[in-house]
Amino acid sequence: MTNSTIGLDILNSMGATTFDVKSMAKVLANADVAALQSNLKTKQKRHDTLLSGFDLLKKAFEGFKSQIHDLTTQDTFKKMSVTSSDPSVIDAKITGEALSGTYNVEVQSIATAQTLATNSSFNSLTDTVGTGDLTINVGGVAHTITIDSTNNTLAGIQQAIQSADIGVTATTVNTGSGYKLMLASNETGANNQIQVSVANDGDGNNTDNAGLSQLVTANMTETVAAQDATVVVNGLTINSSQNSLNEVIPGVELTLNSADSGITKRIDISRDTSKIGQKVQDFVNLYNSMNDIFKTVQSYKKDDPNSKTYDPTKGSLSGNANVRLMKEQMKAVLQAQITGLTGAVQSLADVGIKTKLDGSLGLDTTTLNTAIAADPDAVGRLFAASGVTTDPLVKYTGSTSKTVEGTYGINVTTAAQQATLTGIATGNANSFTITSGSNDTLTLKLDGKTSGTLTLAAGTYTGADLAKELQTKINNDPTFKANNSSIVVSYDPANDQFTFTSSKFGSTSSVKFTGGTVLGDLGLNSGVSGTGVDVGGTLTNTTTGTQYFFTGQGQHVTVSNYAADNIPKGLEFDIGGSATGSRGTITFTRGYADKLTQLFDRFNSIDGLVGSQIDKLNKETSNLADEKAKIGERYNKLELKYRTQFGALQSVLKSMRSTQQYLAASLNQSTSKGN
């Protein structure tokens, strides 16, 4: 607002005798803060321009990182695929580290769950069945349910069994001629048969076809038999209690859908490299998009704010030193060689990526496809964070942003061990008789979890057969299944001893027998236990000689984030086998995709080239708001001041006008009298 404009506004506000106090106060107050407001507006525009530019870069870095995530992990390059020649009979999926190959599979039978139905029919669901203690044994685990006057009807017993959650589904079925109770095992397999017995039957007879004993096994009809699945894989016959077979083929889960005895199906496993080429192309495209964004924010030509295509980020960071540094660091990442790589793929040029004169990347897909076909793992190491070990039983499993590249020697002082418990000689000379109600039960804790009471099937066993029965009953316990715990039971006929070995490794692996009537026959005592051992040793930087002492969890090792700076913090690996001493080396490298995502994370961090500027500008936002508030406060005070002053002046002028009018009237009267 110019002085002439201010003056004109003031004059327009004044009349001959009165003027607009409010308008004059606003004009003068605006004149006083005009320079401050103009300066604030300039600051705000500069602030908003910078913030839009840095915010664009931050989002671009985050988007780049998200889009190329798959290239930063070796899993992308190790992906396997599996197909079945007849999924209606047998289907398959990859669940772990599978190897390429072809398997011929014949499904002779599928596993089924046993179903029993009462021989007796009932007129209605409210018919009374009987009272007593109903014991249902499923897969060797017995559960007793008390049936009394509150639940002794057909529907009441069905609900009592269902509510007990004992691995049996109880239903009632209307056959058209009456209602029957059906019991179906929740688990498939020959060893998951249902055995029903009754005690304290209200009619005094626990076995007849009257009262509660109508439900004992002998008084029920088997409508579906408990059966194991039988498959032949490459000539090897395999029996399973389930229709999902894990690790029959390493890293693959087979699902049996139907039997087709005598007909062979094919399972083909191969490396899936179909998406690698596109992901590398995406890497090139995204990098070039970043280049375009840099050109936009660094442009010396800005858009017209009134244009329909106005882009506030264009030229927003023109001449900014931080932007130049970011471009230089990105270029340096792609130009640097990744140490530790060997073979035919060691640079971006080896997979067809080259830098053009304008700084963008170009891709020769023929070169890329050749490299992928020859060695997809090597292509993976060029882009992803990876670890290569010289011992085949040592496996790299992960890293963090703090993991430093290098080669590290592994020395094992203590190998990981599973919990193992071996009983004393049984004295039974490889012949064991299990009698129902006498020596057929046991309870144990496995990996810290306690089983229910396990009941062995009555019969005469060899040591090997009894070991199999024990293993099946223990591994079928629902508590152990939920904890993913299992056990291997073996019998040594030479020493007449049973050995129990947990499938888990380390100090959390444990086997402890807590009770049961069969322990003496197995050479065991209640309370006897065995515990696993965690792997321990040292990790040595082969360049500096710095050592890191580790104790793992089972076979797994995670390097502490508090380790020395030249130790790979966050590095994770598994050490298999029982050998101690030197276990070779692990070489950790970061590929180009991983290096760029790490760089972009640093850019966006609170003290990074982008993050620090956004933090600074956000603080300025608050300062500008405070400054605007102060100018507004100054304006309000000035307007009030001018209103007060001009209000007083107007009062004086009005008084003077009144006096003038009075004197004029008096003078006129005097003049009239004189005439």
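The values are calculated or read from the model by the stated rules, or taken from the named source; none is laboratory data. Small disclaimer: the values here were computed from a predicted structure and weren't measured. Cβ coordinates were reconstructed from backbone atoms using ideal geometry, including for glycine residues, and neighbour counts include every protein chain displayed. Side chains included, ligands, DNA and RNA excluded: accessible areas come from the protein's heavy atoms. Shrake-Rupley method; radii C 1.70, N 1.55, O 1.52, S 1.80 Å.
Modelled with pLDDT of 80 or more, open to solvent by 40 Å² or more (accessible area, probe 1.4 Å), within 30 Å of residue 34 (Cβ to Cβ) and out of contact with any Pro (no Cβ under 9 Å at 6 or more places or on another chain), is that true of residue 648? Against the criterion (modelled with pLDDT of 80 or more, open to solvent by 40 Å² or more (accessible area, probe 1.4 Å), within 30 Å of residue 34 (Cβ to Cβ) and out of contact with any Pro (no Cβ under 9 Å at 6 or more places or on another chain)), residue 648 does not qualify. Regarding residue 190, is this residue in contact with a helix residue (DSSP H, G or I) (Cβ under 7 Å, 6 or more places away or on another chain) and among the hydrophobic types (A, V, I, L, M, F, W, C)? Spelling it out, it is not the case that residue 190 is in contact with a helix residue (DSSP H, G or I) (Cβ under 7 Å, 6 or more places away or on another chain) and among the hydrophobic types (A, V, I, L, M, F, W, C).
Of everything in the range 206-225, what is open to solvent by less than 60 Å² (accessible area, probe 1.4 Å) and without any contact (Cβ under 8 Å) to a residue 12 or more places away in the chain? Give them in sequence order. Within the range 206-225, 208 is the sole residue that qualifies.
Among the listed residues 272, 282, which satisfies the condition of being touching a strand residue (DSSP E or B) at 6+ places or on another chain (Cβ under 6 Å) and among the charged types (D, E, K, R)? After applying the criteria, what remains is 272. Scanning the range 494-518 for residues that are without any contact (Cβ under 8 Å) to a residue 12 or more places away in the chain and part of a strand (DSSP E or B) yields no hits at all.
Reported count of residues in the range 316-335, each being free of Cβ contacts under 8 Å to residues at least 24 places away in the same chain and either surrounded by 13 or more Cβ atoms within 10 Å (Cβ to Cβ) or within 14 Å of residue 592 (Cα to Cα) (or both), is 4.
Yes/no matrix, rows are residues, columns are (1) farther than 27 Å from residue 500 by Cβ; (2) touching a Pro at 6+ places or on another chain (Cβ under 9 Å); (3) not hydrophobic (A, V, I, L, M, F, W, C):
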{"position": "407", "(1), (2), (3)": "yes, no, yes"}
{"position": "410", "(1), (2), (3)": "yes, no, no"}
{"position": "414", "(1), (2), (3)": "no, no, yes"}
{"position": "425", "(1), (2), (3)": "no, no, no"}
{"position": "430", "(1), (2), (3)": "no, yes, yes"}
{"position": "436", "(1), (2), (3)": "no, no, yes"}
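Consider residue 521 carefully, then state whether it is crowded, with 18+ Cβ neighbours inside 10 Å and in a helix (DSSP H, G or I). Answer is yes for this residue. If I ask for residues that are over 23 Å from residue 339 (Cα atoms) and not charged (D, E, K, R), which ones from the range 562-585 would you list? Correct list: 562, 575, 576, 577, 578, 579, 580, 581, 582. Condition first: in contact (Cβ under 8 Å) with a residue 40 or more places away in the chain and either under 30 Å from residue 280 (Cα atoms) or in contact with a helix residue (DSSP H, G or I) (Cβ under 9 Å, 6 or more places away or on another chain) (or both). Can you find one or more residues in the range 532-552 that meet it? No, the range 532-552 contains no residue that is in contact (Cβ under 8 Å) with a residue 40 or more places away in the chain and either under 30 Å from residue 280 (Cα atoms) or in contact with a helix residue (DSSP H, G or I) (Cβ under 9 Å, 6 or more places away or on another chain) (or both). Among the residues of the range 271-309, those identified as surrounded by 10 or more Cβ atoms within 10 Å (Cβ to Cβ) and either assigned to a loop (DSSP other than H, G, I, E, B) or hydroxyl-bearing (Ser, Thr, Tyr) (or both) are 272, 273, 274, 275, 287, 289, 296, 299, 302, 303. Look at the range 349-363: where a residue is more than 16 Å from residue 336 (Cα to Cα) and in contact (Cβ under 8 Å) with a residue 60 or more places away in the chain and a partner is open to solvent by 60 Å² or more (accessible area, probe 1.4 Å) and not polar (S, T, N, Q), sitting 6+ places away or on another chain with Cβ atoms under 8 Å, you get 362/354; 362/356.
Okay, residues lined up against (1) open to solvent by less than 20 Å² (accessible area, probe 1.4 Å); (2) small (Gly, Ala, Ser); (3) at pLDDT 75 or above; (4) over 30 Å from residue 608 (Cα atoms):
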site	(1), (2), (3), (4)
3	no, no, no, yes
8	no, no, no, yes
15	no, yes, no, yes
20	no, no, yes, yes
38	no, yes, yes, yes
43	no, no, yes, no
46	no, no, yes, no
54	yes, no, yes, no
67	no, no, yes, no
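Mind checking whether some residue in the range 253-260 is open to solvent by 50 Å² or more (accessible area, probe 1.4 Å) and not in a loop (DSSP other than H, G, I, E, B)? The answer is no; no qualifying residue exists. Would a scan of the range 112-132 turn up a residue that is closer than 28 Å to residue 472 by Cβ, over 35 Å from the mean Cα position of the chain (by Cα), among the small types (Gly, Ala, Ser) and surrounded by fewer than 18 Cβ atoms within 10 Å (Cβ to Cβ)? Scanning the range 112-132, I find no residue that is closer than 28 Å to residue 472 by Cβ, over 35 Å from the mean Cα position of the chain (by Cα), among the small types (Gly, Ala, Ser) and surrounded by fewer than 18 Cβ atoms within 10 Å (Cβ to Cβ), so the answer is no.
Every condition in (1) in a strand (DSSP E or B); (2) in contact (Cβ under 8 Å) with a residue 40 or more places away in the chain; (3) β-branched (Val, Ile, Thr) is met by residue 489 except one, and the failing one is (2). Can you pull out the strands (runs of 3 or more DSSP E) entirely within the range 532-594 that have at least 2 residues that are open to solvent by less than 20 Å² (accessible area, probe 1.4 Å)? Counting at least 2 such residues, we get 536-541, 572-575, 581-590.
Among the residues of the range 120-142, those identified as within 30 Å of residue 230 (Cα to Cα) and outside any loop (DSSP other than H, G, I, E, B) are 136, 137, 138, 141, 142. Out of the range 242-270, which residues are of a type in the set (Asp, Glu) and either at pLDDT 95 or above or within 15 Å of residue 188 (Cα to Cα) (or both)? Residues satisfying the conditions are 253, 260, 268. Under the condition of being in a helix (DSSP H, G or I), of a type in the set (Gly, Ala, Ser) and either open to solvent by less than 20 Å² (accessible area, probe 1.4 Å) or under 27 Å from residue 328 (Cα atoms) (or both), the residues counted in the range 341-377 number 2.
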